[in-house]
Structures are given as C-alpha cells and as structure tokens.
Amino acid sequence: MKKDIKNILLVYPEYLKTFWSFEYVMKILGRKAAYPPLGLLTISSMLPKHWNKKLIDTNTDKLNNSDIAWADFVFISGMIVQKESALKIIERVKQANKPVVAGGPLFATGKVGSPLVDHLFLGEAENTLSDFVKDIEQNTLKKVYQGADFPDISSTPVPDWKLINIFSYHSMCLQYSRGCPFNCEFCDVVILNGRISRTKTKDQIINELEALYNIGWRGELFFVDDNLIGNKYKLKKEVLPAIIQWQKTKRYPFIFNTQVSINLSDDEELMKLMVDAGFATIFVGIETPNEKSLEECSKYHNQNRDLIGSVKKLQSFGLEVQGGFIVGFDSDTPAIFQKQIDFIQKSGIVTAMVGLLTALPQTKLHKRLSDTNRIIKESSGDNTLHSTLNFIPKMESKTLFSGYKRILDTIYNPRDYNERIKTFIREFKPPKKKVFRIKIQKFQLRALFGSIWLLGIKNSGRKYFWWLLLWVSVKYPGLFPYAIGYSLAGLHLRSLTSR
C-alpha cells in the first residue's frame, strides 16, 4: 500500500530587537541570526520520514507565497517576543486557505491566534505528535492536542539539520534537559517544563554532537537548557565525562555555552568538569543584589550568599559569566539603580542583561498581580527600554523608567563598559592547557577588522577602544580575542539605551 505523502512547511517568526538578537553584530560577522529554530528542527525529525519538509526561518530567509502554496500543513512555533510576526504569518497562511498547526511557548496559553489556528499543541509534542499524524491518516483531526504529563525526552530524535543553512547562524543549539528545580515567581519555565529536570541520555547527546560535526559545524554550540545543572549527579557521572572523551577524540571542535543557577559556584568538581568538556560561557540569573527582592520573587538559592564572590569564583575556574538583572520588584526603592550599577561593575559581568520586571502569562507573579488588579495588559516578552510595563509597579513609573535608563546609560557607555571588560579579564582564569583548537575562521577576521573600523576609527569613544586593546595586549595578550568580542557586543548593547 502506497504511503500518503504530505508537504510540511515549518515557519519560524521574526524576532523583535532584543538583548540577545545582536542583529548589528551578526551583519559584521557575516551571519544572519544568532541561533536556529531548534524546536521546529526537532519537530521535523519527529514527523514521518517519507513526508516532504521545508523550513523557513524569517530571521534569515523570506517566506514566499509559493512556499505556502506548496504546503499541506504549515507548522509555526515561537516565543512571546515573536508574537507580532507570528500573527502576520498566520494571517497570510489562512488567506491562502492552508491549515495552521501551532505550538511552543508563544501558544502555551491557547490564547494567541486561537481563532485562526486549526490545530493547537499545548505543551511538549513528544506525547502528542504521533496522535496528530494518526489523525491525519484517519481524517479525524482535532483542534487541540495536549499531553497529560511532561514527556520523557530520552527518545527525542536528533534535529533535522538538513533543513537549514547552518552557516547563516552564529551558533548551533542542543538541548540536554527540560525543567528547573527552582520556582522563581516571575519565571514561566516551571509552567512550561516542570520542576523535575528531565534529561536525554549520554548517547543522545553524543549522537547530536556527531550530527553537527558531520555536517561541518565548528565553533560555538549553545545548550539551550533553562538550567543545565538541574540534575547534577547525572551530569557529573555520565554526560560530562562522555562529552569530554568525545571532544578529545575530535580535537575539541566545539565551544559550549549554557544557562545555570548560581549554586554551580558551590560545586568545584562540576565546574572543573564543565570547563574540561568545553563549556566557556554561562548565563546566570543574578536578578538583584537586594535581599528583600530576592525573597519576594522566591529566588532563594541566590539569598544569603556573596553573589559577587560567587561570580568571581566561576570566572576563576575559567567560566565567562553573563548575568540577568531585573528592576521593578515591589521591594525595590530608588536606591536599587545605583546598587545594580555597582554590582555589575564590580562583578566584571560584561554581558549584563538588565530588564524591567514583566508578568508573563500563567506565572505566580502574574496571578499575584492579577488578584490585586495590577495587570494592565499581557506581556510582549520584551524587557528592554523599548518595552512598556504590563503591570502597575509599587515604585512611581517615571522613577522606575528613568532609573532603569540610568543603569543602561552607565553600564553600556564606552568608559564604564571597557572598565568592566578589564575587571573580567583580571578575574578570568582560562584553562591552562590549550583546549580549543578551532582554526581562525572568516567571521573572526571580520570581527577584528570590523571592530577596528567601527570602534577604533568611526566611533566617538574610540580612545577607550584603543586603550583597552593596548592594555590587554601588554598585560593579558592571550585574552585579546575577548577584548575584541566584547567591544563588538558593546555596539549592540548601547543601541538598547536609545528609544
């Protein structure tokens, strides 16, 4: 019996300008976007192998009417910051009378685009996508597909990398775990993925590394886990040792970055294993140096510790720390703005993402503010200066916005920003042995010459750039690439301070 073949178009919406978009820097590096749509690539691998599939990432390529006309079903996924683009795409698809299949964090509440979405996936697809495929074959398709539990991901397949041009992106992605053991009031991770860290097997991770290696990728690889160290035991005893051995065998083709909680600094064995495996950069949710605000948002694992000391310990083990910071908590007073500035400068966290508190749908914060009639509208997911508050803060709004802008104007101005780079370089202790043997690539040369032109010649703050390069060349020549990379990133970060 001949199998019925379907044409599946997977579409990824365009991002708004966000802290992590780095669109200006991507152009300098000759890349179109920072990261590929890992979720849609994984969904493609879960669909029948004999179906035809095409993926359009609107951050890198144009969605043509001919693409939509070709499709039997159009799959779309994304996050809240992609809402505007997603709705426009859905409207285009419906005008062409094609069925829309939607899922992912943007559609998790079932509210976004619901009237126009033909088939809605709530939650993760591992337990429900096979039902959708079966319903297509039996012509019994339903509006909503939702699993009863968080699925086991130990059989989730390798993403379908052949659907994209990997060299359009600055970094590739990989997921080891879903879920986070903590339950911060403002965070929606536990709503989307639960509090128990569900993990892939070490063999799955090695297979995914092999797949990326075999298609020719070398360089940065982002573990997208919300908290990579949610299950420390398995990470230390099984997964990291396997990655270390694989990296040695392949002569260290990848440099990893990921997201962790600050308590990583309490585990020296784990820090060493991560560095040996090739982890170079970690994003940590610091949020605030204000103890009352940490208690307010249930960030208990950040309380009663020397946060700057924890950051410096991570740096001393060879991990570059990126940090997330928030202003707008009920416990915040106008003094918080200078406290945040002082903390960021002293910590040497160069990539400091400072955002306004936002109440995401279904979070504990949203419920608390809704119960007291403080929600103004739903969040756009944008926590930058370009956003607007979606709730009534305790602090006067004008004071909050002006103080927030003062933080950004201070930490991103060339003088203070470059001083922070120097603070980081003083604290940072990279592995003594030369672990990474990645050859100089074209985009790295573009970064060097681009930074010299844009920062050393065209920029009004060029004196700070040249002083930084002179300083690092004399005192820490081995860390010269960090000075160049951070300097370029500063172009994007400073753009966030303008309205």
Tally time: how many residues in segment 42-56 are not in a strand (DSSP E or B) and not hydroxyl-bearing (Ser, Thr, Tyr)? 7
For segment 192-221, how many residues meet the condition of being part of a loop (DSSP other than H, G, I, E, B), more than 25 Å from SER168 (Cβ to Cβ) and β-branched (Val, Ile, Thr)? 2
Report yes if some residue within segment 137-148 is touching a Ser or Thr at 6+ places or on another chain (Cβ under 8 Å), in a loop (DSSP other than H, G, I, E, B) and surrounded by fewer than 17 Cβ atoms within 10 Å (Cβ to Cβ); otherwise report no. yes
Just to be sure before I move on: is LYS134 part of a loop (DSSP other than H, G, I, E, B), at pLDDT 95 or above, charged (D, E, K, R) and surrounded by fewer than 16 Cβ atoms within 10 Å (Cβ to Cβ) in the structure I sent? no
Looking only at segment 84-116, count how many residues are more than 20 Å from LEU47 (Cα to Cα) and assigned to a loop (DSSP other than H, G, I, E, B). 11
ILE376 versus (1) buried (at least 16 other Cβ atoms within 10 Å of the Cβ); (2) aliphatic (A, V, I, L, M); (3) touching a Leu at 6+ places or on another chain (Cβ under 9 Å): which is the lone unmet condition? (1)
Of the conditions (1) β-branched (Val, Ile, Thr); (2) within 22 Å of the chain's Cα centre (by Cα); (3) not in a helix (DSSP H, G or I), VAL81 satisfies every one except a single condition; which number is it? (3)
Selection count where residues are within 30 Å of GLY219 (Cα to Cα), out of contact with any Asp or Glu (no Cβ under 9 Å at 6 or more places or on another chain) and not in a loop (DSSP other than H, G, I, E, B), scope segment 278-295: 6
Output the residue which, of all residues in segment 296-325 that are within 23 Å of TYR486 (Cα to Cα) and either among the hydrophobic types (A, V, I, L, M, F, W, C) or at pLDDT below 95 (or both), is surrounded by the fewest Cβ atoms within 10 Å (Cβ to Cβ). ILE308
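Conditions tested, residue by residue: (1) surrounded by fewer than 21 Cβ atoms within 10 Å (Cβ to Cβ); (2) in contact with a Cys (Cβ under 7 Å, 6 or more places away or on another chain); (3) of a type in the set (A, V, I, L, M, F, W, C); (4) free of Cβ contacts under 8 Å to residues at least 40 places away in the same chain.
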position: HIS170; (1), (2), (3), (4): yes, no, no, no
position: GLY179; (1), (2), (3), (4): no, no, no, no
position: PHE182; (1), (2), (3), (4): yes, no, yes, no
position: LYS232; (1), (2), (3), (4): yes, no, no, yes
position: LYS237; (1), (2), (3), (4): yes, no, no, yes
position: ALA242; (1), (2), (3), (4): yes, no, yes, no
position: ARG251; (1), (2), (3), (4): yes, no, no, no
position: PHE254; (1), (2), (3), (4): no, no, yes, no
In this structure, does ILE421 turn out to be at pLDDT 90 or above, surrounded by 15 or more Cβ atoms within 10 Å (Cβ to Cβ) and in contact with a strand residue (DSSP E or B) (Cβ under 7 Å, 6 or more places away or on another chain)? no
Are any residues in segment 149-173 under 30 Å from LYS27 (Cα atoms), among the hydroxyl-bearing types (Ser, Thr, Tyr) and assigned to a loop (DSSP other than H, G, I, E, B), and if so, which ones? SER171
Does VAL117 satisfy being more than 21 Å from the chain's Cα centre (by Cα) and in contact (Cβ under 8 Å) with a residue 60 or more places away in the chain? no
The one condition LEU209 fails out of (1) under 20 Å from ASP152 (Cα atoms); (2) crowded, with 16+ Cβ neighbours inside 10 Å; (3) modelled with pLDDT of 95 or more is (1)
Does TRP466 satisfy being at pLDDT below 80 and either part of a helix (DSSP H, G or I) or polar (S, T, N, Q) (or both)? no
Among PRO430, PRO393, PRO414, the single one that is at pLDDT below 90 and in contact with a helix residue (DSSP H, G or I) (Cβ under 8 Å, 6 or more places away or on another chain) is PRO430
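The values are calculated or read from the model by the stated rules, or taken from the named source; none is laboratory data. None of these values were measured; they are calculated from a predicted model. Using ideal geometry, Cβ is built from the backbone for each residue, glycine included, and neighbour counts are taken over all protein chains shown.
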